[in-house]
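The values are calculated or read from the model by the stated rules, or taken from the named source; none is laboratory data. Since the structure is predicted, the reported quantities are computational estimates derived from the model, not experimental observations. Cβ: placed from backbone, ideal geometry, glycine included. Neighbour counts: every protein chain shown.
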Amino acid sequence: MTATPRPSGPFGFGDRVQLTGPKGKLHTITLREGGELHTHRGVLRHDALVGLPDGSVVRNSSDTEYLALRPLLRDFVMSMPRGAAIVYPKDAAQIVAQADIFPGAVVVEAGVGSGALSLWLLRAIGPQGRLVSFERREEFAEVARANAATYLGAPPANWQIVLGDLTQALPDTFRPGSVDRVVLDMLAPWECIDAVADALVPGGVVLCYVATVTQLSRVAEFIRGTGLYTEPESSETMIRGWHVDGLAVRPDHRMVAHTGFLLTARRLAPGAVPPDVRRRTVRKTAYGDDDVEVWTPGAVGDRQITDKNLRKRLRDAQRAADGARQAADARREANGTSGESA
Ligand SMILES: C[S@@+](CC[C@H](N)C(=O)[O-])C[C@H]1O[C@@H](n2cnc3c(N)ncnc32)[C@H](O)[C@@H]1O
C-alpha cells in the first residue's frame, strides 16, 4: 500500500507541487528524495521544498524564484491525462449539490471516463461512503484508475470500477432499492433509466449530465414516461470570470460557455403517483426507435479518439501514477510509517 499525499500542511516527499516560475510558466512535480527539476533557468532540488509551508517561494540554482502550491482538485482534473471528455469543475460542483451527494452515501456513476467526476464524488462521500463506477471501455477505466492513483496515492478502498454496460451490470451489483444516488454521464442515459429506477432507494436522486438539447429532451421525456420519478428539473451552469485590477473591472473576454446540461429527478415510492405527474404524462411527446440514429456519437459531435492517441494517454496516465506511487513509497520508507491509504 502507498501513502496518501497530504492535501494540506508543510510539503513532504510524495506530495504534488505546482511551481509557478517567471512569466507564469507552470511545472507540476511530485516530490522525491534526490529529485530535481531541470529547466533552462537552472536546477531546483526537490528537498529544498520539503518542510516548507504550502504557498512558499523557493529559488533554484540560479536564483530564479518559483511560487510553490499544492494543485487544487480543479487544477489536477483539468491537467490530468484524458481518455474521454471530462466533467469540468463548474459542473462537478453543481452535480455534487443537485444530486445531493452526502458523506456516507452509496453512489453509482456511469461511465467513469477519465475519472474526473469520480474524484469529486469520492471527496463528497468521504471514507464512509461507497462509489461504484460502471464503464464499458476497459482502457478508459484504466486511465481513470491511474488518474485516481496519481491524485490520491492509490485508488481508495471505497471505490470500485465495474467493467460493463450499466444496464446489465447494475442489477448484478446492487440489490433493488439500495443505492442513494446515481450520476449518468454518457451518450444515451435513457437506456439506463429503468435499471436505475430498480436500484435507487425511494427518494433517491438520478442526475443526468448531457451535452446536447436533443439528449436532454429525450431523457426528460423518457423519465416522465416511466411514471417512477418526480418531474425532471433541468439546468446549465455558466461561470464568467472577472478581471479585477484597480479601476479596470470587467468580465473576462473569454469563458468556457457550453459544456453540458444537468437533469435531476427523484425516485418515487413504489405505487406513488403525484397529481402533477398524472397531468403531465398526458402531454408527453413520444419517441420511436428510429430516433435512436439521431444520437450516434458522430451526430451529436462526440469527438472520436484514435486508438493510438488513447494508448499514448493511457501511458501518460500510468507513468504519472507510477511516479506518484514510487514517491509515496519512498516517503513511507523515509518516515518509517505503515502508510495505509484512505
Ligand atoms: C464522457 S465520458 C465520462 C466522463 C467522466 N464523467 C469524467 O468526468 O471523466 C462517458 C463514458 O461513458 C461510458 N459509457 C457510455 N455508455 C455506458 C453504459 N451504458 N454503461 C457504462 N459506461 C458507459 C463511455 O465508454 C465513456 O467512457
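What the table shows:
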item: Qualifying residues in region 165-181 (those that are under 15 Å from VAL206 (Cα atoms) and surrounded by fewer than 19 Cβ atoms within 10 Å (Cβ to Cβ)) - the one nearest to the chain's Cα centre (by Cα); result: THR167
item: Strands (runs of 3 or more DSSP E) enclosed by region 230-342 - at least 2 residues per element that are modelled with pLDDT under 90, not assigned by TED's automatic domain parsing to the domain that holds TYR151 and not aromatic (Phe, Trp, Tyr); result: none
item: Pairs where the first residue, in region 33-59, is of a type in the set (A, V, I, L, M, F, W, C) and the second is in a helix (DSSP H, G or I), C-beta under 8 Å, 6+ apart; result: LEU37/HIS46; VAL58/ALA48
item: Checklist (1) over 25 Å from the mean Cα position of the chain (by Cα); (2) surrounded by 15 or more Cβ atoms within 10 Å (Cβ to Cβ) applied to PRO53, failing item; result: (2)
item: Flag if VAL210 is of a type outside the set (Gly, Ala, Ser) and touching a Phe, Trp or Tyr at 6+ places or on another chain (Cβ under 9 Å); result: yes
item: Residue in region 233-249 that is farthest from ALA220 (Cα to Cα), counting only those that are surrounded by 10 or more Cβ atoms within 10 Å (Cβ to Cβ) and not hydrophobic (A, V, I, L, M, F, W, C); result: HIS243
item: Check on ASP100, away from the ligand (no atom under 14 Å from the Cβ) and either out of contact with any strand residue (DSSP E or B) (no Cβ under 8 Å at 6 or more places or on another chain) or on the phi > 0 side of the Ramachandran plot (or both); result: yes
item: Any chance LEU69 is at pLDDT 95 or above and either among the basic types (Lys, Arg) or in contact with a helix residue (DSSP H, G or I) (Cβ under 7 Å, 6 or more places away or on another chain) (or both); result: no
item: Selection within region 59-69 - assigned to a strand (DSSP E or B) and surrounded by 18 or more Cβ atoms within 10 Å (Cβ to Cβ); result: TYR66, ALA68
item: Residue check, GLU135 touching a Gly at 6+ places or on another chain (Cβ under 9 Å), in the same structural domain as LEU216 (by TED's automatic domain parsing) and acidic (Asp, Glu); result: yes
item: Selected residue [within 21 Å of LYS90 (Cβ to Cβ) and among the aromatic types (Phe, Trp, Tyr)] from TRP190, TRP242, TRP159; result: TRP242
item: All positions within region 75-89 that are within 8 Å of the ligand (Cβ to nearest atom) and part of a loop (DSSP other than H, G, I, E, B); result: ARG82, GLY83, ALA84, ALA85, ILE86, VAL87
item: Every residue from region 124-143 that is closer than 20 Å to ARG325 by Cβ and touching a strand residue (DSSP E or B) at 6+ places or on another chain (Cβ under 7 Å); result: ALA141
item: Checklist (1) surrounded by 19 or more Cβ atoms within 10 Å (Cβ to Cβ); (2) within 23 Å of ASP15 (Cβ to Cβ) applied to LEU72, failing item; result: (1)
item: Total residues in region 90-112, condition of a type outside the set (Phe, Trp, Tyr) and outside any helix (DSSP H, G or I); result: 13
